[in-house]
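Worksheet: one structure, shown below.
The values are calculated or read from the model by the stated rules, or taken from the named source; none is laboratory data. Just so you know, these numbers come straight off a predicted model, no measurement behind them. Cβ placement follows ideal geometry from the backbone for every residue including glycine, while neighbour counts extend to all protein chains displayed. These area figures cover heavy atoms from the full protein model, side chains too; ligands, DNA and RNA do not enter into them. Shrake-Rupley method; radii C 1.70, N 1.55, O 1.52, S 1.80 Å.
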Amino acid sequence: MIATQRSVSGSSQSPRSPSSQPYLSVSVTDPVKLGNGVQAYISYRVITKTNLPEYQGPEKIVIRRYSDFVWLRDRLFEKYKGIFIPPLPEKSAVEKFRFSAEFIEMRRQALDIFVNRIASHHELQQSEDLRTFLQADEETMERLRSQETGIFKKKPADLMQIFKDVQSKVSDVVLGKEKPVEESNPEYEKLKHYIFELENHLAEAQKHAYRLVKRHRELGQSLSDFGKAVKLLGACEGNSLGKAFSELGTKSETLSVKLQKEAHQLLMNFEEPLKDYVRAVQSIKATIAERANAFRRQCELAETTKLKEINLNKLTLMRSDKVGEAEIEYQELKAESEEATRMFEMIVRLMNEEIVRFQEQKTLDMGIAFHEFAKGQARLANGIANAWRSLIPKLEACSSSS
């Protein structure tokens, strides 16, 4: 596996020996707002450092926008069935948040994690699409994005046919003409249950992490307001009381800054990793859906192949002149059925490998996130306690003198 200079969490990590060991280092940096109004977007500088011979040189710098990252994700999802494609951060539709400094930094960090997860994956790092993403000029990327095909690129008539096919299948199921084919496998059912439960628990944890961030910010703002009010009150007083009030106000404002900083750290190092894993689980669910589709396809083709074989045997017994044509159809369908079975078995094998890798990485990342959370809360609590403790003698002196 190629060594990377970044971990999944995006932290720097130097390769042991870049000269003798293959390595691939990617950084997403320098977000810049371009354009105005609804046409405005953020561009990013993507820096690649590598000694791999298939790349154009030891260092390459390109400019990318969010839609380029979407292109890469979609291409990988289409080509690498059974592999959990790393998730992208959501695209904010709210104008006032879309270009805030905090949102831009969260987006940049999430995109950095996304591309480094791909670069560190033993299969995905070999993708030609990744090399294109990391090296192609902006005009090439724009052309590639415009050439993409998929459900949202299809003509209205094609979409209508898709919807009619879906409606027909749903009707058949409802009327009892067709039962949905589903994989019956205890281990697979256990996996699905685990993923759906994990999504619920992660989403719940992320929701409360968001509330913690909000609470820190609100408390910080309240302390700031309180500090200003107490300082004004101190200005009205004289002697030691006024001085004590002034110091109380200053301490409150200092603690307000600490709380706001801690709220930002909590957002970036705790809430965002939880949100990222919610997205990762959704990506796994997309792979599960692909596995279900592959299973249904292999079952349908196996059934159709069996019917074709029965028909071929029947025509052979009847010495029909259509035997030759039926034989060709049967062999073609049999080959297609065998390919569908190989595809399904490959997806199953890859998913089994991927879930082990996912759980190991999740244990590491969640351990880091919760460790950072605990350290931050301890640091904040000590800072607050020390700040208030330093005021106690002066406030006691004021109260005793009165």
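Among the residues of segment 238-281, which ones are closer than 23 Å to residue 223 by Cα, aliphatic (A, V, I, L, M) and either open to solvent by less than 50 Å² (accessible area, probe 1.4 Å) or out of contact with any Ser or Thr (no Cβ under 9 Å at 6 or more places or on another chain) (or both)? Of everything in segment 238-281, those that are closer than 23 Å to residue 223 by Cα, aliphatic (A, V, I, L, M) and either open to solvent by less than 50 Å² (accessible area, probe 1.4 Å) or out of contact with any Ser or Thr (no Cβ under 9 Å at 6 or more places or on another chain) (or both) turn out to be 244, 248, 255, 259, 263, 266, 267, 268. Residues in segment 12-24: is at least one under 24 Å from the mean Cα position of the chain (by Cα), assigned to a strand (DSSP E or B) and at pLDDT 95 or above? Looking through segment 12-24, none of the residues is under 24 Å from the mean Cα position of the chain (by Cα), assigned to a strand (DSSP E or B) and at pLDDT 95 or above. Restricted to segment 17-58, and to residues that are within 19 Å of residue 136 (Cβ to Cβ) and among the basic types (Lys, Arg), which residue is surrounded by the most Cβ atoms within 10 Å (Cβ to Cβ)? So the residue we want is 49.
If a residue counts only when it is β-branched (Val, Ile, Thr), which helices (runs of 4 or more DSSP H) contained entirely in segment 58-134 have at least 1 such residues? Explain how you work it out, then say what you get.
Numbers: elements: 66-79, 95-98, 101-120.
Answer list for segment 58-134: 66-79, 101-120.
Would you call residue 332 acidic (Asp, Glu) and loosely packed, with under 15 Cβ neighbours inside 10 Å? Give the steps one after another, and end with the answer.
Numbers: acidic (Asp, Glu): yes; loosely packed, with under 15 Cβ neighbours inside 10 Å: yes.
So residue 332 passes the test.
Residues checked against (1) part of a helix (DSSP H, G or I); (2) exposed (fewer than 14 other Cβ atoms within 10 Å of the Cβ); (3) hydrophobic (A, V, I, L, M, F, W, C):
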| residue | (1), (2), (3) |
| --- | --- |
| 325 | yes, yes, no |
| 351 | yes, no, yes |
| 358 | yes, no, yes |
| 364 | yes, yes, yes |
| 368 | yes, no, yes |
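If you check 235, 286 for being aliphatic (A, V, I, L, M), open to solvent by less than 50 Å² (accessible area, probe 1.4 Å) and assigned to a helix (DSSP H, G or I), only one passes: 286. Considering segment 340-349, and only residues there that are surrounded by 13 or more Cβ atoms within 10 Å (Cβ to Cβ) and of a type outside the set (Gly, Ala, Ser), the residue that is farthest from residue 282 (Cα to Cα) turns out to be 341.
In segment 177-210, the qualifying residues are those that are modelled with pLDDT under 85 and surrounded by 12 or more Cβ atoms within 10 Å (Cβ to Cβ), and the one that is nearest to residue 351 (Cα to Cα) is 182.
Could you please give the count of residues in segment 39-57 that are assigned to a loop (DSSP other than H, G, I, E, B) and of a type in the set (A, V, I, L, M)? Qualifying residue count, segment 39-57: 2.
Pairs meeting the criteria (first residue in segment 54-72 and more than 16 Å from residue 42 (Cβ to Cβ) and among the aliphatic types (A, V, I, L, M), second residue assigned to a helix (DSSP H, G or I) and open to solvent by less than 60 Å² (accessible area, probe 1.4 Å), beta carbons under 9 Å, at least 6 apart or on different chains) are 72/114; 72/115; 72/118; 72/129; 72/130; 72/132; 72/133. Residue 319 meets all of the listed conditions (1) open to solvent by 70 Å² or more (accessible area, probe 1.4 Å); (2) part of a helix (DSSP H, G or I) but one, namely (2).
Evaluated against (1) in a helix (DSSP H, G or I); (2) modelled with pLDDT under 95; (3) under 30 Å from the mean Cα position of the chain (by Cα), residue 218 falls short on exactly one condition, (2).
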